[in-house]
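Student: Can you read through this structure? Questions will come right after.
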Amino acid sequence: MTIDGFIAAPDGGVDFFPVTPDVLEFITGDYPDTLPTHVREQLGVDVPNPNFDVGVQGRATFQPALDIGVTSPFAHLRQYVVSTTYESPDPAVEVISDDVTERIRQLKAEDGKDIYLMGGSRLAGSLLAEIDSLVLKVYPVVAGAGIPLFTAEFGPTSFRLTGNRTLEGGTVVLSYDR
């Protein structure tokens, strides 16, 4: 996200984020499971998932994969898309169309690794009460406007800082637990 809390431009674009070599090194080393499968292949990342075995995203976050013809962007995870209008043509991608919070609670209750909430803002806002921890990359950029990290009603929710790491190019990684 940007210094001022945006995860994308107003039109959903993310190409202004400076994905520098140090950021790529951090992601491939610590969070390779957050890379789409086709990107993992391009980067030569072939490791077991250290953090997540389930990925959940909103329909708008899923759309860029569809735009390039990828119907299962995170084949290394169990994939869920939250949408009331989308029907997945790919059996590897399950659509959650109602009672999202209950379905997330069911997934959390299963044995396994953590759940990766890929985006978007409205989904993150609606699931805030279910989020146990956050890992945020804060890029050294101010956007001024855009899509915020969370879109939700006012309701302060406290987290405890559990880690911070400054990457060489100025991106800061902050870890929080509820």
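The values are calculated or read from the model by the stated rules, or taken from the named source; none is laboratory data. Note that the coordinates shown come from a computational prediction; the quantities given were computed from them, not determined experimentally. Heads up, the Cβs are rebuilt from the backbone with ideal geometry, glycines too, and the neighbour counts pull from every protein chain shown. Keep in mind that these areas ignore ligands, DNA and RNA; they rest on the heavy atoms of the full protein, side chains included. Shrake-Rupley method; radii C 1.70, N 1.55, O 1.52, S 1.80 Å.
Student: Being assigned to a loop (DSSP other than H, G, I, E, B), touching a Gly at 6+ places or on another chain (Cβ under 7 Å) and open to solvent by 30 Å² or more (accessible area, probe 1.4 Å) is the filter here, so list the residues in segment 5-40 that pass it. Write out each step before concluding.
Tutor: Here is the first cut: in segment 5-40, the residues assigned to a loop (DSSP other than H, G, I, E, B) are 5, 9-20, 31, 35-36.
Then keep just the ones that are touching a Gly at 6+ places or on another chain (Cβ under 7 Å); that gives 9-10, 18, 20.
Matches in segment 5-40: PRO10, PRO18, THR20.
Student: Count, please, the residues in segment 115-140 that happen to be open to solvent by 50 Å² or more (accessible area, probe 1.4 Å), hydrophobic (A, V, I, L, M, F, W, C) and not in a strand (DSSP E or B).
Tutor: 1
Student: Here's something else I'd like to know. Those residues that are over 18 Å from LEU136 (Cβ atoms) and surrounded by 14 or more Cβ atoms within 10 Å (Cβ to Cβ), I need them from segment 41-52; list them, please.
Tutor: Those that are over 18 Å from LEU136 (Cβ atoms) and surrounded by 14 or more Cβ atoms within 10 Å (Cβ to Cβ): VAL45, ASN49.
Student: Among the residues of segment 71-100, write down those that are farther than 19 Å from PRO36 by Cβ and over 17 Å from the mean Cα position of the chain (by Cα). It would help to see each step written out before you state the result.
Tutor: Step one: list which residues in segment 71-100 are farther than 19 Å from PRO36 by Cβ, which gives 84-85, 87, 96-100.
Once the filter is applied, which keeps residues that are farther than 19 Å from PRO36 by Cβ and over 17 Å from the mean Cα position of the chain (by Cα), segment 71-100 yields THR84, THR85, GLU87, SER97, ASP98, ASP99.
Student: Mind checking which residues of segment 7-25 are in contact (Cβ under 8 Å) with a residue 12 or more places away in the chain and touching a helix residue (DSSP H, G or I) at 6+ places or on another chain (Cβ under 9 Å)?
Tutor: Scanning segment 7-25 gives ILE7, ALA8, GLY12, PHE17, LEU24.
Student: If VAL47 meets every condition in (1) assigned to a helix (DSSP H, G or I); (2) at pLDDT 95 or above; (3) among the aliphatic types (A, V, I, L, M) apart from one, which number is that one?
Tutor: It is condition (1) that VAL47 fails.
Student: Given (1) open to solvent by less than 70 Å² (accessible area, probe 1.4 Å); (2) within 23 Å of ALA8 (Cβ to Cβ); (3) in a loop (DSSP other than H, G, I, E, B), where does GLY112 come up short, assuming only one miss?
Tutor: (2)
Student: Follow-up. VAL173 fails exactly one of the following numbered conditions: (1) surrounded by 14 or more Cβ atoms within 10 Å (Cβ to Cβ); (2) in a loop (DSSP other than H, G, I, E, B). What is the number of that condition?
Tutor: (2)
Yes/no per residue for (1) closer than 23 Å to ALA8 by Cβ; (2) open to solvent by less than 60 Å² (accessible area, probe 1.4 Å); (3) touching a Cys at 6+ places or on another chain (Cβ under 7 Å); (4) among the hydrophobic types (A, V, I, L, M, F, W, C):
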site	(1), (2), (3), (4)
ARG78	no, no, no, no
VAL142	yes, no, no, yes
PRO156	no, no, no, no
GLY163	no, yes, no, no
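Student: Further, regarding this structure: If you go through segment 51-83 one residue at a time, how many are in contact (Cβ under 8 Å) with a residue 60 or more places away in the chain, over 19 Å from THR101 (Cβ atoms) and either in a loop (DSSP other than H, G, I, E, B) or β-branched (Val, Ile, Thr) (or both)?
Tutor: The total comes to 1.
Student: What number of residues within segment 84-107 satisfy the criterion of being open to solvent by less than 80 Å² (accessible area, probe 1.4 Å), part of a loop (DSSP other than H, G, I, E, B) and in contact (Cβ under 8 Å) with a residue 24 or more places away in the chain?
Tutor: Going through segment 84-107 one residue at a time, the tally reaches 1.
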